[in-house]
Amino acid sequence: MTNEQKIPGRESNIFIARQPIFRRNRKVYGYELLFRSGLSNYFDSKFDGEHATSSVITNSFLLIGIEKMTEQKKAFINFTEDMLLREYPALFPHEYTVVEVLENVKVTPEIVAACRNLVHKGYTLALDDFEYSPEMDPLLEIAHIVKFDVQAMSLEELQRDVDHVSRYDVRLLAEKVETNAEFEQTRDMGFSLFQGYFFSKPNIVTGRDIPGSQLQYLQILKMIQDENYDFDKIADLVSHDVSLSYKLLKYVNSAAMRRRVEIKSLQNAVAMVGEVNLRKWLSLIMLSYLAEKKPEELLRLSIQRAAFCEQVGEQLAGLDFTRSCYTVGMFSLLDVLLDQPMETILKEINLSEEITDTLLGMPTGSLANVLLLAKAYERGAWKWVARVSDALGMQRDDLPLYFEKALDKVSEFYLAS
């Protein structure tokens, strides 16, 4: 996507975020895609939301592609009553598309017929923000997934509606699951799909030390964060580790490097990667080791966030600030990866005061705002995206491009690993 590719009739780019939807095993089932035609019209009450949504959805898949946005997993997309009647979902491949029927859609014979037609064509049908009432029965008979907002209901209300819905052949999806406790509660109630960033809040076990292997990874992270780090020492460390050596050779010959070359020695491979890229690559590998027993989405989000923050930093300031942005994004989920307080982890890593304060959630200026911007964009919190972008004094229309490139970085890492 480029700055020149605009929505017809609008002056802003397409803003797209995504939120993961997990299975019971914490593997990603799909993503809900969150849309905005632009941030400049955020408070424009005269704007035709339905027309904008249809334009945004259509153009987003032409510009980016549904496969890239969801990494060939399911794409959950909201459709209004009029969009369902106009058969808008049929614009997208049924293999990937989950049609979300919004909670304010009236259950009329026409809507039921439209939904039944979509199901017949192979689309997955989901009922969004569900609250049971008898008039919902015709849709429950053909739906595949029922979504409950766990923040909007008490446990008693949720259990009551689950009992009603359990009469039908549907999967239960708990959305806005923000803690591990909520994940376990809804799982025990029979839910098989879960939406929200519940993994981003660590389940901290007090009194436990960081295991030795993880401490070693942190020490390597500490070593490569030093601006005056010994490149030869790092190269020697890589060359004497079979696993790292193998991964490095794969990386050098991957699409990420955009060339295939004859490698005469591991030192030669290290030299080809270069000092800056070796630091980034090692950071990613160490994080992947830390994330071995965690949901894969955590590592994906760390890579995505680092790449997004780095691009924002490049727009705002020089090389040192850009490196700090990358580091903050990459390490922002360390507490979740280790199930330890961030304060404990940062004692093991020699980071600058500004980076440390930012990772601890202290309002320290531009760097903290860059991380806040990345988190807001990931969640589709467009109001905050607009505010933080203005506070940073940056070009907001570049953000969709940064997000797309960040997704590419995630794919590159997994292709090269």
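Each reported figure results from applying straightforward, stated rules to the coordinates on display, with no laboratory input. Predicted model, so just to flag it, every value in this text is computed and none were measured. For neighbour counting, all protein chains shown are included, and Cβ atoms are generated from backbone atoms with ideal geometry for every residue, glycine included.
Determine how many Å³ per residue the convex hull of the Cα atoms of region 212-416 encloses. Spell out each step's value before the answer.
Numbers: hull volume 24.7 nm³, N = 205.
Normalising the Cα hull of region 212-416 by residue number yields 120 Å³.
Stretched out fully, how many nm does the piece from residue 110 to residue 222 gain, at 0.36 nm a residue minus the Cα gap?
34.2 nm
Can you tell me the FRET efficiency between residue 120 and residue 167 if r is taken as the Cβ-Cβ distance and R0 is 22 Å, rounded to the nearest 0.05?
The computed FRET efficiency comes out at 0.45.
Counting other C-beta atoms within 10 Å, and keeping those with at most 13, which DSSP coil GluC sites (Glu not before Pro) do you find in region 291-346?
Hits after loop and neighbour filter: 292.
So for the pair residue 317, residue 72, with labels modelled 7 Å out along Cα→Cβ, what separation do we get in nm?
Between residue 317 and residue 72, the simple spin-label model gives 4.1 nm.
Loop only by DSSP, 13 or fewer other Cβ within 10 Å of the Cβ. Give me the trypsin sites (Lys or Arg not before Pro) in region 336-417 that pass, ordered by residue number. The partial results should precede the final answer.
Numbers: sites: 347, 375, 379, 383, 387, 396, 405, 409; in loops: 347.
When the trypsin sites (Lys or Arg not before Pro) of region 336-417 are filtered for loop state and at most 13 Cβ neighbours within 10 Å, 347 remain.
Which length gain, in nm to one decimal place, applies between residue 155 and residue 23 when the Cα-Cα distance is subtracted from 0.36 nm times their residue separation?
That works out to 45.4 nm of additional length.
Using a cut-off of under 20 Å, list every residue of region 329-344 whose amide N is near the label point 7 Å from the Cα of residue 384 along the Cα-to-beta-carbon line.
Within reach of a label on residue 384, which here means backbone N under 20 Å from a point 7 Å along Cα→Cβ, region 329-344 contributes 329-337, 342-343.
Pull out the extension gain between residue 86 and residue 414, defined as 0.36 nm times the separation in residues minus the alpha carbon to alpha carbon distance; nm, one decimal. Spell out each step's value before the answer.
On the way: separation 328, 0.36 × 328 = 118.08 nm, distance 3.90 nm.
Length gained between residue 86 and residue 414: 114.2 nm.
For Cα pairs less than 8 Å apart in space and 6+ apart in sequence, what is the mean separation divided by the residue count of region 212-416, i.e. the relative contact order in percent? Please list the in-between numbers first.
Working: 201 pairs, mean separation 48.6, N = 205.
Result for region 212-416 is 24 percent.
I'd like to compare 86-98, 106-118: which one has the highest average count of other Cβ atoms within 10 Å, and what's the full order after that?
Listed from highest to lowest mean packing, they are 86-98, 106-118.
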